[in-house]
1. Can you list the HN-Hα couplings for the range 329-346, worked out from phi with the Karplus curve (6.51, -1.76, 1.60; θ = phi - 60°), rounded to whole Hz and with x for Gly and Pro?
2. Where the centre of each part is set by its Cα atoms, how far does the range 221-254 sit from the range 301-367, in angstrom?
3. May I ask which of K343/K390; K37/K228; K297/K331; K121/K171; K116/K171 have a Cα-Cα span longer than 27 Å here?
4. Could you tell me which of rounded, prolate or oblate describes the chain, using a ≥ b ≥ c as the square roots of the eigenvalues of the alpha-carbon gyration tensor, with rounded for a/c under 1.5 and, failing that, prolate when a/b is larger than b/c and oblate otherwise?
5. Once the Cα atoms of helix 257-277 and of the chain are each reduced to a long axis, what angle between those two axes, in degrees from 0 to 90 to the nearest 10, is obtained?
6. What 222 nm value per residue comes from the helices of the chain, counting each DSSP H run with n ≥ 4 as -39,500 (n - 2.57) and dividing by all residues, nearest 500 deg cm²/dmol?
7. Name the residue, out of P185, P358, P156, whose mean-square fluctuation peaks in a Gaussian network model built on the chain with Cα pairs under 10 Å.
8. Starting with the highest mean, order 318-331, 206-219, 339-352 by the number of other Cβ atoms within 10 Å, averaged over the residues of each peptide.
Amino acid sequence: MSNTSANQLQDLQYFGEFGGVNPSVSDSSTYTFLNAKTMFDTFEGNTEGCYLYSRHSSPSNLYLGEALAALEGTETANVYASGMGAISSVIMQICDSGEHIVSSRTIYGGTYAFLKNFLKKFAIDTSFVDITDIVAVESAITSQTKMIYCEAVSNPLLEVADIKALAALAKKYNLPLVVDNTFSPLSIPAAQLGAEIIIHSLTKFINGSSDCVAGAVCGTTEFCLSLKDVNNGAGMLLGSTLDSLRAASILKNMRTLHIRIQKHSENALFLAQQFEADGFRVVYPGLASHSGHNIMKKQMNANYGFGGLMTLDVGSLENANAFMELMQTEKLGYLAVSLGFYKTLFSAPGTSTSSEIPEEEQLEMGLSNGLIRFSIGLDNDIERTYNKMKNCMAQLNIKPQIQIPV
Ligand SMILES: *Cc1c(COP(=O)(O)O)cnc(C)c1O
């Protein structure tokens, strides 16, 4: 896979008022018109480049949208006030009541709750399937199915979707393949592999500063405009609008995305390899032991590695809790949900980000009690981090599951 996304991002160029090197921030909710006819035409959706009201669009949000379209290589992109705002808008735009979705069963907890619980209000039913089993995905499709939904690399077990195979299947049934690419920006070129709509929670790696919540939908001009339609657009009417000031700050953070992703991946690979060699059960797509390793290698952009997320099983929830508390005390990171920060973040998915998923379903998916999800930070010296983590384990008498013969 080529490096075009990062190059396209690099080539974006906007000047601010007075020749500023950053684009000006549109600090306005509403816009004046020089004549009444243009205002009417704008309401009707017949004027390109005219701004009406900032819930519809704003210059700062369009700049950020263009950067996201460059990242994913799609015609355009819309930005939202959160990842869930983007996800719910896409689903509500495409599905009417009585219709059906085929979704991966290992997805972000909020998306799972939205599909499983909230959409009951609209009698929209979802079949949750093992997304790595193409036969199972195909047999879940009914005459009412309106989309196939998955995460490129899933939360929290890091299952890797075969986007090319899923896109071919989606095409066969004339369905859109919707891919949440939050865990793997730059690494997995989802659109190039055939995904029609790509969603991001910008809250995570793309912004990378854990200082805001935001989301994006990348796709065709036609679909993104439909989301903004004043009469029928879910984005416009559900109102999950990103603030312009925040859009401007996210755009600035995107400039270092390529460097950050490389470092997150490098550090995570190092720790995953070390802990696996120590005999711990580690889930990381960069390990040959991972079930999605070969698919990931086939579809990834090798420059950006296998991503910053890994899970480590420390045997029990008690061990996990004690280990996370001690790591925080030892300044190894924060006991916090979310991902993509410069510090390592860790949490026990069963009691946090995946707690929406019932316990028996968690076990079926392989979410064991002692599992800790790590979003590995930008640590300067990852070997030092590893040694400090080993010290914490020794203090708590945490032992690997597998005894390595000496
Ligand atoms: C965080 C996350 C979301 C939701 O995004 P918000 O910005 O918190 O609304 C969706 N999908 C994935 C994979 C996530 O990690």
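1. Couplings: 4, 7, 6, 8, x, 10, 7, 7, 7, 6, 7, x, 8, 6, 8, 5, 10, 9 Hz.
2. Between the Cα centres of the range 221-254 and the range 301-367 lies a distance of 31 Å.
3. Details: K343/K390 18 Å; K37/K228 21 Å; K297/K331 33 Å; K121/K171 29 Å; K116/K171 25 Å.
Over 27 Å Cα-Cα: K297/K331; K121/K171.
4. Details: a/c = 2.02, a/b = 1.47, b/c = 1.38.
Cα axes put the chain in the prolate bin.
5. 20 degrees
6. Working: 15 runs with 152 residues, N = 406.
Dividing the helical sum by the residues of the chain leaves -11000 deg cm²/dmol.
7. Between P185, P358, P156, it is P358 that shows the largest mean-square fluctuation.
8. Most protected by this proxy first, the peptides run 206-219, 339-352, 318-331.
The values are calculated or read from the model by the stated rules, or taken from the named source; none is laboratory data. Predicted model, so just to flag it, every value in this text is computed and none were measured. When we count neighbours, we look across all protein chains shown, and the Cβ atoms used for this are built from the backbone with ideal geometry, even at glycine. Please note that ligands, DNA and RNA were not included when accessible areas were found on the heavy atoms of the full protein model with its side chains. Shrake-Rupley method; radii C 1.70, N 1.55, O 1.52, S 1.80 Å.
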